[in-house]
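**Q** Got a structure here, written out as structure tokens. Questions coming.
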Amino acid sequence: MSGQHHMTMQHDSMTGMDHQMGGMDMSDDHQMSGMHGHHMNMNMGDLNRRFWISLVLTVPVVLLSPMAGMKGLTFQFVWSPLILAVIGSILYFYGGKPFFSGAKTEFQTKKPGMMSLITLGITVAYFYSIYSVIANHLFHVTPPVDEFFWELSTLIDIMLLGHIIEMKSIDSAGSAVDALSKLLPDTARVVKNGQVVSVNVADLKVNDVVQVQAGGKIPADGLIVKGTTTVNESLVTGESKLVSKTVNDEVIGGAINNDGTFEFKVTKAQGDSFLNKVMQLVQHASENKSHAQTVADRVAGYLFYAALSVAIIAFIVWMLVSGATVALPIAVTVLIIACPHALGLAVPLVVSRSTALAAQNGLLIRDSSALERANRVHYVLMDKTGTLTAGNFKLNFYQTLNDAYSKTDILKIAGSLEQTSSHPLAKGVMTAVLENHLQIQSAENVQQIPGFGLIGNVNGKIYQLVSSNFFNKNQVQYDQTVVNKLLADKNNSISFLIENNQVIGAIGEGDEIKPGSKPMIDYLKQHHIQPVMLTGDNAAIAESVARQLGISDFQAKLLPEDKQKIVSKYQQKGPTMFIGDGVNDAPSLSGADVGVAIGAGTDVAIDSADIVLVRSDPKDVVDLFKLAKRTSEKMKQNLWWGAGYNIIAIPLAAGILAFAGILLSPMVGAVLMSLSTIVVSINALTLRVG
């Protein structure tokens, strides 16, 4: 990344770029027509209220109504049919309202799915039961018509409970991030007119100057204006080391001040802070609809049409064979048995569980469908600096290439240009300046040279600190033999200092490979996923890192737009993941099938990636792939458990084996549905990362 290391200062432009994030389109398949999506229109309080009221009303129904036609298990008296009809009506119209609303949306989009299937089941159960009350007690038909108030009430209860379980599971996905929000103190010490006053953190405004004492929590995102200190950002970023901070350095709300008192200016409102954005990230993940969820809705849609078709055919056949008194109950039984108790929970519970596990393990899933896409990835392209290497650059050498400047002059000028930059390469220079006790001047008009470095005015002279890539597009004078020798250094990133289009000095900084990089590469290769390293650094350094990690495919001296083109090229071969630092790599992160940002400390990481690895540890990518694989397996298992029994139950209910004396009763169907729901729930809860 030496060829582009100053691109970190282009934060604003990168943040503002158009980003077509996968999973954000809320049209078509993303109308959230299924059970999962209806939560957007229902709050937990309303669902809880409907569930508990419905459950209380179910008690007299269970006492007064026979389960699936079983006699001798109920209390019967003269008014019991009327009471059942009244309670059943309340349950149907009040408890069933969420399903009617969802079904309406599905039919408007001409995509019957989960809500349509539920509505079909409870509607048939209700109206047939009302018909039975009228037929039995007003017209006294014989034989008596069975009623399904028991099925109606339990069906509504189970599906409302399913909503609540799903919502709680989804809410638990944000538990780790909710804990982050608690890192903020309740009050902040604001400096006003030379006096320090205590205010609620929620009342902080942009440009307020806040004082943070040693050991205190930083209440908001901002920029230090006075003092120096070290800050523990591990609870926020996952980095376990103390970070030195001085004037003009950024601080993150939620981090802990270590050993010095300082003052900072609030630069972001609470709603735009890092912690708030992370919470929004997980919230978005819980609401987003994965491809597999769409599959579940499609399965429900197929069941809707299948049940309706089988019921109609069964009714016609049995009508011809045995008359309406036999045909109608059989058709009704088919429609009730098809109701998707378990299918409605099959995928949402798995998605919710996987999102929760991810959050607990430092994997913040922005787009829940990214887990499914990750399971199909063939190529993993990754940045080098900050991703595979620690990005903690140390200045290993600095030298003059012009007799008019001393070795110390080169370091002082570089320090003047770099003193306002937060990039790891800049910090390496500033560390060397401090260690050598050098006095440096302030640089004026410091600006980025996109993809190459920076330019600024020091003591009336214009200097450029750039990578060798700059030479190719500009008329720069340099000793090619000397420069080539420097670039042959496989252990350092080289930057060159230029004055009047002439190279006057060079600095070399070294990085170290992260401990988690090798295990990640080994895992990818073991699972036949090809790792590819892309870097703006020179070829020698790239080759050295690639060799140590066992990466055979790598490309060096790349600009951000070059990486994006390479990502597109690999996408033509197969599904592609890109792993980067979320700043220089924003175009590649947003363009890849799965974008993974290592490090959650920047807005661009949150804005550009599908998944953010909070701990900045590449080994977490292994957990990501393991979770993706297990999530996919659980989804498939639950879809079979949730819908598979219908393959047998619906034909049996329709009487396909009636000639052999086998006819599935509503009671057996109810038991099968209950068992399927329990199995789906337990199966989802058994999902683990490792």
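**Q** Residue separation times 0.36 nm, minus the C-alpha to C-alpha distance between Thr246 and Lys565: what's the value? Please list the in-between numbers first.
**A** Working: separation 319, 0.36 × 319 = 114.84 nm, distance 3.83 nm.
Net length gain for the segment: 111.0 nm.
**Q** Now for a different question. Which of the residue pairs Lys514/Lys557; Lys569/Lys629; Lys412/Lys557 have a Cα-Cα distance greater than 23 Å in the structure shown? If you can, show how the numbers build up before the last one.
**A** Working: Lys514/Lys557 21 Å; Lys569/Lys629 25 Å; Lys412/Lys557 27 Å.
Checking Cα-Cα distances, Lys569/Lys629; Lys412/Lys557 exceed 23 Å.
**Q** Sticking with this structure for a sec: How would you rank 188-201, 641-654, highest first, on the average number of other Cβ atoms within 10 Å across their residues? Intermediate results must be reported in sequence, preceding the final value.
**A** On the way: 188-201: 13.0, 641-654: 20.6.
Put in order of decreasing packing, that is 641-654, 188-201.
**Q** Would you mind getting the accessible area per residue of region 325-416, heavy atoms of the protein chains only, 1.4 Å probe, in Å²? Can you show the working numbers first?
**A** On the way: 2460 Å² over 92 residues.
I get 27 Å² per residue for region 325-416.
**Q** Now a separate question. Between region 515-555 and region 396-430, how many Å separate their Cα centres?
**A** For region 515-555 versus region 396-430, the Cα centre distance is 30 Å.
**Q** While we're on this one: What is the packing order of peptides 253-265, 82-94, taking the mean over residues of other C-beta atoms within 10 Å and listing the highest first? Walk me through the numbers on the way to the answer.
**A** Working: 253-265: 19.7, 82-94: 17.4.
Per-residue Cβ counts within 10 Å, averaged per peptide and sorted highest first, yield 253-265, 82-94.
**Q** Please sort 463-472, 406-415 by packing, taking for each peptide the average over its residues of neighbouring beta carbons within 10 angstrom, highest first.
**A** On the way: 463-472: 21.5, 406-415: 19.3.
For the peptides 463-472, 406-415, the packing ranking is 463-472, 406-415.
**Q** With an 8 Å cut-off on Cα pairs and a minimum separation of 6 or more residues, tell me the relative contact order of region 329-465 in percent.
**A** Details: 108 pairs, mean separation 18.5, N = 137.
RCO, region 329-465: 13 percent.
**Q** Here's another thing I want to ask about it. Using the Karplus equation 6.51 cos²θ - 1.76 cosθ + 1.60 (θ = phi - 60°), what ³J(HN,Hα) coupling, rounded to whole Hz, does each residue of region 408-413 give in order, writing x for Gly and Pro?
**A** 5, 4, 4, 5, 5, 5
**Q** Can you give the charge dipole size of region 498-555 about its Cα centre, rounded to the nearest 20 debye, using +1 on the beta carbon of Lys and Arg and -1 on the beta carbon of Asp and Glu? Let's see the in-between values first.
**A** Values: 4 positive and 8 negative charges, 65 e Å.
In debye, rounded to 20, region 498-555 gives about 320.
**Q** Here's something else I'd like to know. Measuring with a 1.4 Å probe in the full set of protein chains, what accessible area per residue, in whole Å², belongs to region 448-580?
**A** Values: 5760 Å² over 133 residues.
Ligands and nucleic acids excluded, the result is 43 Å² per residue.
**Q** Pull out a ≥ b ≥ c, the square roots of the eigenvalues of the alpha-carbon gyration tensor of region 437-515, then state rounded if a/c is under 1.5, prolate if not and a/b is larger than b/c, and oblate in the remaining case. Kindly include the intermediate steps, with their values, before the conclusion.
**A** On the way: a/c = 1.73, a/b = 1.25, b/c = 1.39.
Oblate.
**Q** With no solvent and one point on each alpha carbon, what is the Debye value of log10 I(q)/I(0) for region 383-483 at q = 0.11, 0.18, 0.19 Å⁻¹?
**A** -0.35, -0.99, -1.10
The values are calculated or read from the model by the stated rules, or taken from the named source; none is laboratory data. Everything numeric here is computed off the predicted structure, so don't read it as measured data. Positions of Cβ are generated from backbone atoms using ideal geometry, with glycine treated the same way; all protein chains shown enter the neighbour counts. Just the protein is used for accessible areas: all its heavy atoms, side chains included, with ligands, DNA and RNA removed. Shrake-Rupley method; radii C 1.70, N 1.55, O 1.52, S 1.80 Å.
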